[in-house]
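These notes concern the structure reproduced below.
Please treat every number below as a calculation from the coordinates, not as lab data. As the structure is a prediction and not an experimental result, all values here were calculated from the model. Using ideal geometry, Cβ is built from the backbone for each residue, glycine included, and neighbour counts are taken over all protein chains shown.
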Amino acid sequence: MNGVRKFFLGILLVIVLHSLAFLLGSFIAYTASALGLYGIGRLLFFSALGIGISQLIYIVPAIVILNRRRKWNLVKGVVFGAVLTALLNGGFWVVMASSFS
């Protein structure tokens, strides 16, 4: 596989990791609220909305693993996808904050 394909595969990996994290967080939040643990449900709901910060939990280990395996173009794609996610999420929150004030 050439470098460009691996770069886009890294971005796709970030999208898959975001989807899995969102689904897992949603399942845990739903289960916690069904059990009456509303504080945990709210915490997970807002951490899913702030995916730019919570992505550090799974993106940093992915970067470390790919670095150790010397998959440089995949690392570049993962870093690009993570930065793009953080920027889009930050922009979203700026727009939302300005619409409420």
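Fewest Cβ neighbours within 10 Å first, please rank Val60, Val75 accordingly. Don't skip to the end; give the middle numbers.
Values: Val60 12, Val75 20.
Starting with the residue having the fewest Cβ neighbours, the order is Val60, Val75.
Give me the one-decimal Kirkwood hydrodynamic radius in Å for the stretch 3-100, with the sum taken over alpha-carbon pairs.
Values: mean 1/r = 0.0687 Å⁻¹.
Computed over Cα pairs of the stretch 3-100, the Kirkwood hydrodynamic radius comes out at 14.6 Å.
As a test of the formula, what do you get for the chain when each DSSP H run with n ≥ 4 contributes -39,500 (n - 2.57) and the sum is divided by the residue count, at 222 nm and rounded to the nearest 500 deg cm²/dmol?
Numbers: 5 runs with 90 residues, N = 101.
That calculation yields -30000 deg cm²/dmol at 222 nm.
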